[in-house]
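Worksheet for the structure shown next.
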Amino acid sequence: MAVKTEKVQLIEHVLELEEKVYRALRPIMPKEWLCVDLTMPQLKIMLLLFTDGPARMGVLASTLGVSVATTTGITDRLVQQGLIVRSSDPEDRRAVVCSLSEKGKEVVRRLWELGQSRARSLLEKMTPSRLRLLCEAMETILEAAEGVERDELTRENPSDKRNPTKPN
């Protein structure tokens with residue numbers, strides 16, 4: 001059996017810690033998150049619209065890994081609940097763009113703030129030196145995520161030389 005490199009061992013340890021952190025944080029997850037009357041795909045669409053802004057149906061379908069027809073059914077129920085609105089894309093009137101309604105924004109904002117409040121209470125238990133260390137680690141993870149995203153965009157669009165971190 002080959003000896004694992006230090007990097008492989010560290011990656012495995014980080015993944016183990018990630019699972020432990022998730023399990024440790026789960027009990028402090030706001031109960032409101034578990035009581036939301038939304039299916040997981042509906043919640044995913046609402047979170048996507050909250051973080052990324054309005055999106056075409058095709059983009060939502062692609063992001064969720066489902067068909068446009070499936071996405072249409074999911075968004076139909078969100079429209080009925082008054083959580084999202086659909087409109088024509090001004091650049092292509094055949095395309096449908098979804099965005100959060102004011103009610104939808106408020107639902108997601110409330111859930112987001114509850115999560116941040118819980119995280120804040122956890123972070124307040126840490127010393128400044130530990131918080132600095134955590135900030136450095138999270139910034140490193142974000143840099144790696146940006147690199148992975150650039151690599152994926154390059155593989156998908158090898159001739160596209162635009163900077164994927166800046167909107168077109």
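Readers should treat all values here as calculations from the given coordinates under stated rules, not as data from a laboratory. Computed from a predicted model, the values in this text were never measured in an experiment. With ideal geometry, Cβ positions are generated from the backbone for all residues, glycine too; neighbour counts draw on all protein chains shown.
At a glance:
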| item | result |
| --- | --- |
| Segment Val148-Ala95, extension gain: residue separation times 0.36 nm, minus the distance between their alpha carbons | 16.1 nm |
| Overall Cα dimensions of segment 48-98, principal axis frame, Å, largest first | 25, 24, 22 |
| Segment 97-107 - phi-based ³J(HN,Hα) in whole Hz, Karplus 6.51/-1.76/1.60, Gly and Pro as x | 10, 9, 8, 6, 6, 4, 4, x, 4, 5, 4 |
| Phi to ³J(HN,Hα) by Karplus 6.51 cos²θ - 1.76 cosθ + 1.60 over segment 36-46, Hz, x for Gly, Pro | 5, 8, 9, 6, 4, x, 5, 5, 4, 4, 5 |
| Ile84 long-range amide H proximity, modeled H, under 5 Å | Val79, Ser101 |
| Shape call, segment 36-125: gyration tensor on alpha carbons, a/c limit 1.5 | prolate |
| Extended-chain gain in nm, criterion 0.36 nm per residue less alpha-carbon gap, Val21 and Arg109 | 29.3 nm |
| Chain lengthening between Gln116 and Val14 when straightened (0.36 nm per residue, less Cα-Cα) | 34.4 nm |
| Which of Met126, Met40, Met46 has the fewest Cβ neighbours within 10 Å, and the rest in rising order | Met40, Met126, Met46 |
| Cα long-axis angle, helix 128-156 against the chain (0 to 90 degrees, to the nearest 10) | 50 |
| Where GluC sites (Glu not before Pro) fall in DSSP loop in segment 33-137, at most 11 other Cβ within 10 Å | Glu91, Glu124 |
| From the C-alpha gyration tensor of the chain, square roots of 5λ in Å | 33, 25, 16 |
| Arg56 long-range amide H proximity, modeled H, under 5 Å | Cys98 |
| Total charge dipole magnitude, the chain, about the Cα centre, Cβ charges on Lys, Arg, Asp, Glu only, Debye to nearest 20 | 400 |
